[in-house]
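Peer 1: Here it is, the structure, as structure tokens.
The values are calculated or read from the model by the stated rules, or taken from the named source; none is laboratory data. As the structure is a computational prediction, the values presented were derived from the model and not from experiment. Backbone-built Cβ (ideal geometry, glycine too); neighbour counts: all protein chains shown. Heads up: the accessible areas ignore ligands, DNA and RNA and are worked out on the full protein's heavy atoms, side chains in. Shrake-Rupley method; radii C 1.70, N 1.55, O 1.52, S 1.80 Å.
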Amino acid sequence: MRLYVPTLRLVFFVLFFTSTYCFAQKSVVMQHNDLDRTGWNSQEFSLNQSNVRPGSFGKLYSRPAEGFMYAQPLVVSHVNIPGKGFRNVLYVATTNNKVYAYDVDSASVTAPYWTVNVTPPNSRLVTAYDLAQCKHGNDFGGNIGIVGTPAIDTAASTMYFVSRNYDTVNFKFEQYLHAMDIATGAERANSPKLITATVHGGGIGNVDSTISFDPLRQNQRPGLLLLDNRVYICWGSHCDWQPYHGWVMAYDQTSLEQQIVYNITREGEGGGIWMCGGSPSVDASGNIYITSGDGSAGTPGNPLNTANRSLSFVKLKPVPSQNTLEVLDYFTPRNY
């Protein structure tokens with residue numbers, strides 16, 4: 001399942017008679033509102049059966065956005081935009097590696113407060129053509145830039161997301177973690193951060209028992225997670241194009257130094273983490289929950305071995321001292 005907007009126009013919808021009341025409500029700073037990922041907004045107080053009806057609920061206006069939008073748009077209230085004062089702002093990230101900051105409340109403010117193209121100099125966008133070897137076709141109809149939903153830290157006024165590009169000078173594919181000022185679109189200190197990783201294991205694609213992150217095959221589809229001053233990022237693949245693995249990485253929110261690297265099939269293959277674009281969820285104890293796709297579950301002769309845990313619902317505990325995540329529990333169907 002893929003959720004996206006196959007159009008070059010971004011459409012805004014009215015949620016009440018006036019937007020003043022609507023956008024005084026809780027900001028939407030992550031995929032599905034909170035760490036439970038239910039999509040429930042417990043602070044909704046405006047919508048009811050009397051105003052969600054024809055004549056009072058519908059399209060207000062549209063704004064341009066170049067590229068497809070797989071990432072969920074986010075909204076932050078009371079952002080101090082330089083020269084404009086405090087505004088309620090909508091953030092949109094597209095597969096053309098572009099990020100837009102639009103005014104939410106006013107139909108007359110048509111221009112974005114800022115627009116940023118994060119494709120580096122001497123680089124180009126990754127395209128579906130680059131995935132031509134995928135055996136089942138490709139997952140995208142065009143460019144493949146920013147795909148996973150960003151996450152915003154309102155206290156730090158910073159938005160985090162992952163972009164992709166091809167370096168035309170050094171002839172290599174790259175993925176970057178960005179930390180961006182939501183008021184100006186400027187990169188924070190230490191941003192962007194080139195994403196690289198290795199784990200020890202005998203799984204598919206290993207070289208001398210080392211598995212390296214592949215920025216071409218690994219698809220950064222899930223939304224990002226902010227937890228305990230870390231940015232968590234997950235990856236699946238493109239159409240099960242081997243060799244690939246499911247990866248989870250965590251970076252310090254300020255320094256952007258890598259703190260955790262976890263490969264869900266270090267002794268096997270696959271285990272892509274897509275989750276239909278959803279983000280990892282978190283319980284009250286700080287444990288992280290993900291689901292994994294096709295691949296190895298257990299090892300030969302031992303289906304309970306957590307070195308490989310594809311096709312499963314997995315409970316993970318961050319262990320920064322060991323630079324990894326520990327499998328605390330999981331559910332794998334009998335007929336996996």
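Peer 1: Filter the range 206-218 down to residues that are surrounded by fewer than 19 Cβ atoms within 10 Å (Cβ to Cβ) and among the polar types (S, T, N, Q) and give me whichever is farthest from Gly272 (Cα to Cα).
Peer 2: Among residues in the range 206-218 that are surrounded by fewer than 19 Cβ atoms within 10 Å (Cβ to Cβ) and among the polar types (S, T, N, Q), the one farthest from Gly272 (Cα to Cα) is Ser209.
Peer 1: Would you say Arg87 is open to solvent by 40 Å² or more (accessible area, probe 1.4 Å), among the basic types (Lys, Arg) and not in a loop (DSSP other than H, G, I, E, B)? Step through it out loud before you land on a result.
Peer 2: On the way: open to solvent by 40 Å² or more (accessible area, probe 1.4 Å): yes; among the basic types (Lys, Arg): yes; not in a loop (DSSP other than H, G, I, E, B): yes.
Criteria met by Arg87.
Peer 1: Next question. Does Thr154 fit the bill of being closer than 21 Å to Val75 by Cβ and open to solvent by 50 Å² or more (accessible area, probe 1.4 Å)? Outline the logic, then answer.
Peer 2: Values: closer than 21 Å to Val75 by Cβ: yes; open to solvent by 50 Å² or more (accessible area, probe 1.4 Å): yes.
Yes: the conditions hold for Thr154.
Peer 1: Go through the range 62-76 and report how many residues are open to solvent by 20 Å² or more (accessible area, probe 1.4 Å) and assigned to a strand (DSSP E or B).
Peer 2: 3
Peer 1: Also, I was wondering about something else. Taking the criterion of being of a type outside the set (S, T, N, Q), open to solvent by less than 40 Å² (accessible area, probe 1.4 Å) and over 16 Å from Gly202 (Cα atoms), would at least one residue in the range 302-315 satisfy it?
Peer 2: Yes, there is a match, as at least one residue in the range 302-315 is of a type outside the set (S, T, N, Q), open to solvent by less than 40 Å² (accessible area, probe 1.4 Å) and over 16 Å from Gly202 (Cα atoms).
Peer 1: List the residue pairs whose Cβ atoms are under 7 Å apart, where the first residue sits in the range 117-131 and is of a type in the set (D, E, K, R), the second is part of a loop (DSSP other than H, G, I, E, B) and modelled with pLDDT of 95 or more, and the two are 6 or more positions apart or on different chains.
Peer 2: Filtered contacts from the range 117-131: Arg124/Thr168; Asp130/Leu216.
Peer 1: Filter the range 222-264 for residues that are more than 17 Å from Arg164 (Cα to Cα) and of a type in the set (S, T, N, Q); which is most open to solvent (accessible area, probe 1.4 Å)?
Peer 2: Thr254
Peer 1: Scanning the range 102-133 for residues that are β-branched (Val, Ile, Thr) and within 13 Å of Ile144 (Cβ to Cβ), which turns out surrounded by the most Cβ atoms within 10 Å (Cβ to Cβ)? Step through it out loud before you land on a result.
Peer 2: Kept after step one, since they are β-branched (Val, Ile, Thr), are these residues of the range 102-133: 104, 109-110, 115-116, 118-119, 126-127.
Then drop every residue that is not within 13 Å of Ile144 (Cβ to Cβ), which leaves 119, 126-127.
Details: Thr119: 19, Val126: 24, Thr127: 17.
The extreme case among them is Val126.
Peer 1: Counting just the residues of the range 187-205 that are surrounded by fewer than 19 Cβ atoms within 10 Å (Cβ to Cβ) and touching a His at 6+ places or on another chain (Cβ under 9 Å), which one comes out farthest from Val319 (Cα to Cα)?
Peer 2: The extreme case among them is Glu187.
Peer 1: Restricting to the range 35-48, name every residue that is out of contact with any strand residue (DSSP E or B) (no Cβ under 9 Å at 6 or more places or on another chain) and open to solvent by 40 Å² or more (accessible area, probe 1.4 Å).
Peer 2: Within the range 35-48, the subset out of contact with any strand residue (DSSP E or B) (no Cβ under 9 Å at 6 or more places or on another chain) is 39-40, 42-48.
Trp40, Ser42, Gln43, Glu44, Phe45, Leu47, Asn48 - these are the residues of the range 35-48 that are out of contact with any strand residue (DSSP E or B) (no Cβ under 9 Å at 6 or more places or on another chain) and open to solvent by 40 Å² or more (accessible area, probe 1.4 Å).
Peer 1: Let me ask you something else. Would you tally the residues in the range 157-183 being surrounded by fewer than 18 Cβ atoms within 10 Å (Cβ to Cβ) and either in contact with a Pro (Cβ under 6 Å, 6 or more places away or on another chain) or within 17 Å of Tyr232 (Cα to Cα) (or both)?
Peer 2: Residues in the range 157-183 being surrounded by fewer than 18 Cβ atoms within 10 Å (Cβ to Cβ) and either in contact with a Pro (Cβ under 6 Å, 6 or more places away or on another chain) or within 17 Å of Tyr232 (Cα to Cα) (or both): 1 in total.
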